[in-house]
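Down below is the structure, laid out as structure tokens.
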Amino acid sequence: MFKNILGYRFNYLNAFIPVIIGLFAGVFGVAFLKAIHLFSEIFLVEFAGYHPPSPVGEGGSLYYHFVMEHPYLIPVSTMIGGLLVGIMVYLFSPESAGVGTDAAIKAFHEKKELGLKTAFWKLVTSAITIGSGQVSGKEGPIALIGAGIGSFVGKLFSLSERERNIALAVGLGAGIGGVFKAPFAGAIISSEVFYKKDFETETLIPAFIASFIAFIIVASVFGFSPLFFIHLPPFTGFSMYDAVGYVFLGLVTSMIARLMIFSLDTVREMFERLEVHPIFKPAIGGFFVGIIGMTVPIAIGTGYGWLQLIMMDNLTHFPPWKIVISVFLVIAAFSFTLGSGGSGGVFGPSLVIGGLTGASVFFFLHDILHFPESSTLNLTAFTVVGMVATFAAAAKAPLSTIILVAEITGGYQLLVPATIAVAISHFLSGEKSIFKSQVDTKLDSPVHQDEFKYMLLNRYRVKDVMERNVITINPDATILYASKFMQENSISALPVVDKEGHLIGMITSTDVIKACNMDLEKTKVKDLMNPDPICITQELTLFETMSIFIENNVGVAPVVNNKEEKLLIGIISDYDIGKVLTGKV
């Protein structure tokens, strides 16, 4: 629509594009959070009589009184929410089902266009999923919403395919940065989340701009305080007990992350095999989530408010034994929500499961092993670090997660223990990611295949791959002999050389076929050969050689010492170049 205005070329590096993406992401972020609050009021408060706690950063209070007037209606609420989502996903937006971040990652790698339609339906279906009480996260929906916005803006300003893909990634990071009030982590996750072992560095600068714009808009409505309020004692040092404790926390969270991935995959496969119309599958999953939620209310909605109370050591409604049990019940509820086709994300459940895990580890170390409490070894610190260590292991995103711990809590003194736990958890979590569309490195992504092919072909020269033992033929040989010789050696082209080894021509199987009506025993090779064949020198790169092949419509060429002397030193074909691209060289 807008290609350029007065000579101004729009692209992803112009500040204007990230600002537009950030504005859209911020507005959609506010709408998404408001929609969650609205549906939560309808389903949980008005219908079931349950007032869930909220974190301080979303208007919650530290003095919470637990009330659930009609617990038997919680499974009904989650089932109705699942049914509504199933209908919307089936009729209007199939891509809204499941984990939103994974859908955005898949769209990035496959260079698919998203748009505002995707963003709108993901917003509605996820708000209903979370608002009705199912265990899902805000990260997945806002990631796909942001990706849809980025893709839409890229198309609106006629960006190239590569630039539109970067805009998609920028939108993903801006959405997360705004909703979680974590602009730095949002920008970094836009670079980190697509790969298990690599980064999309081109997104960083525009993503920082877009994330801060989205953060300002969301925070202007919901306040600039961090998502969670925490109170930590003044830092007094880091003891051996602290180090051992966080190493142990990293070990435990890595196993919990593996369990999360296994549980989600198992439930997803179970529902894929279930012979029920797709519309009803999220309702069935929602019903089981509601049953779990009747037992442990932290398995209702996001659960962030309960984490806030645990961080503040308010265990009135949540004794230690219940926290330990809740780790596994929330994993089950999260798996039923997303595995059945419900709409949402894994970031929120990962934080809740990780926070419960961190608290459980603290109780084990402090109450059973009698580790002394300190400024970094306490319930609040272990809950916070457990949150991020679990997500880092499950999502293979350690760097953005370490930054996130400071932004969502304001707890900068936890950076060192978080780094220890995240590093251990990440390295022990295995190769599997909770995001199935992640690839290992850029080399594995279709987005960068052409770039890497170009780099690879420019790295190698003809002399590195050419065949040096060349089969040649004399110009005075008969066509009959040449034909049989090619057949016996399974070759389609023969360089023709004189007695000194200088190239004087080239004969191919096509030339031989043209001689079918001639006297094959009398016709000589020199009569049919191409006396001026395309020649290659050994210092040319494979990219230059491939370009020559394409321009001249040939698949094989002799290699000579130089174009003047034409002393034959080898031969190269497109097959030899192909071996480089497939890793056989």
Checking Val388 against (1) more than 29 Å from the chain's Cα centre (by Cα); (2) part of a helix (DSSP H, G or I), only one condition comes out false. Which one?
(1)
Can you confirm whether the stretch 377-393 contains a residue that is surrounded by fewer than 24 Cβ atoms within 10 Å (Cβ to Cβ), out of contact with any Asp or Glu (no Cβ under 9 Å at 6 or more places or on another chain) and either among the aliphatic types (A, V, I, L, M) or modelled with pLDDT under 85 (or both)?
no
In the stretch 414-443, what residues are surrounded by 17 or more Cβ atoms within 10 Å (Cβ to Cβ) and modelled with pLDDT under 80?
Ile434, Phe435, Ser437, Gln438, Lys442
Check off (1) surrounded by fewer than 22 Cβ atoms within 10 Å (Cβ to Cβ); (2) aromatic (Phe, Trp, Tyr); (3) in a helix (DSSP H, G or I) for Trp306 and give me the number that stays unchecked.
(1)
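Is it the case that the stretch 426-439 has a residue that's in the same structural domain as Ala107 (by TED's automatic domain parsing) and out of contact with any helix residue (DSSP H, G or I) (no Cβ under 9 Å at 6 or more places or on another chain)? Can you show your working first?
Going through the stretch 426-439, the residues in the same structural domain as Ala107 (by TED's automatic domain parsing) turn out to be 426-439.
Checking the rest, the ones that are also out of contact with any helix residue (DSSP H, G or I) (no Cβ under 9 Å at 6 or more places or on another chain) come to 431.
Yes, the stretch 426-439 has at least one match.
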Name the residues in the stretch 213-237 that are in contact with a Phe, Trp or Tyr (Cβ under 9 Å, 6 or more places away or on another chain) and within 30 Å of His370 (Cβ to Cβ), would you?
Phe228
Within the set of pairs 6 or more residues apart or between chains, which connect a residue that is assigned to a helix (DSSP H, G or I) inside the stretch 111-132 to a residue that is among the acidic types (Asp, Glu) with Cβ atoms less than 7 Å apart?
Thr118/Glu95
Unmet criterion (only one of (1) without any contact (Cβ under 8 Å) to a residue 24 or more places away in the chain; (2) of a type outside the set (Ser, Thr, Tyr); (3) surrounded by 22 or more Cβ atoms within 10 Å (Cβ to Cβ)) for Val85
(1)
Among Ile261, Ile284, Ile216, the single one that is surrounded by fewer than 17 Cβ atoms within 10 Å (Cβ to Cβ) and modelled with pLDDT of 85 or more is Ile216
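Among the residues of the stretch 311-331, are any aromatic (Phe, Trp, Tyr) and not in a helix (DSSP H, G or I)?
Restricting attention to the stretch 311-331, the residues satisfying the condition of being aromatic (Phe, Trp, Tyr) are 318, 321, 328.
This time we only want the ones that are not in a helix (DSSP H, G or I), so: 318.
Yes, some residue in the stretch 311-331 is aromatic (Phe, Trp, Tyr) and not in a helix (DSSP H, G or I).
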Given the criterion more than 20 Å from Ile36 (Cα to Cα) and of a type in the set (Gly, Ala, Ser), identify the matching residue among Gly305, Gly348, Gly341, Gly354.
Gly354
Those residues that are without any contact (Cβ under 8 Å) to a residue 12 or more places away in the chain and within 56 Å of the chain's Cα centre (by Cα), I need them from the stretch 478-509; list them, please.
Lys484, Gln487, Glu488, Ser490
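What do you reckon, is Phe364 touching a residue at least 12 places away in the same chain (Cβ under 8 Å), more than 30 Å from Glu272 (Cβ to Cβ) and surrounded by fewer than 19 Cβ atoms within 10 Å (Cβ to Cβ)? Walk me through it before giving the result.
Working: touching a residue at least 12 places away in the same chain (Cβ under 8 Å): no; more than 30 Å from Glu272 (Cβ to Cβ): yes; surrounded by fewer than 19 Cβ atoms within 10 Å (Cβ to Cβ): yes.
The answer is no for Phe364.
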Within the stretch 403-413, can you find the residues that are surrounded by fewer than 24 Cβ atoms within 10 Å (Cβ to Cβ), touching a helix residue (DSSP H, G or I) at 6+ places or on another chain (Cβ under 7 Å) and of a type in the set (A, V, I, L, M)?
Ile403, Ala406
Name the pairs: first residue in the stretch 549-564 and of a type in the set (Gly, Ala, Ser), second residue in a strand (DSSP E or B), Cβ to Cβ under 9 Å, at least 6 apart or on different chains?
Gly555/Ala493; Gly555/Ser573; Ala557/Ala493; Ala557/Met506; Ala557/Ile536; Ala557/Ile571; Ala557/Ile572; Ala557/Ser573
Filter the stretch 105-154 for residues that are over 19 Å from the mean Cα position of the chain (by Cα), farther than 28 Å from Gly290 by Cβ and at pLDDT 80 or above and give the result.
Phe152, Val153, Gly154
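The values are calculated or read from the model by the stated rules, or taken from the named source; none is laboratory data. Keep in mind that this is a model prediction, so the values were computed, not measured. Reconstructed Cβ throughout: ideal geometry from the backbone, glycine too, with neighbour counts over all protein chains shown.
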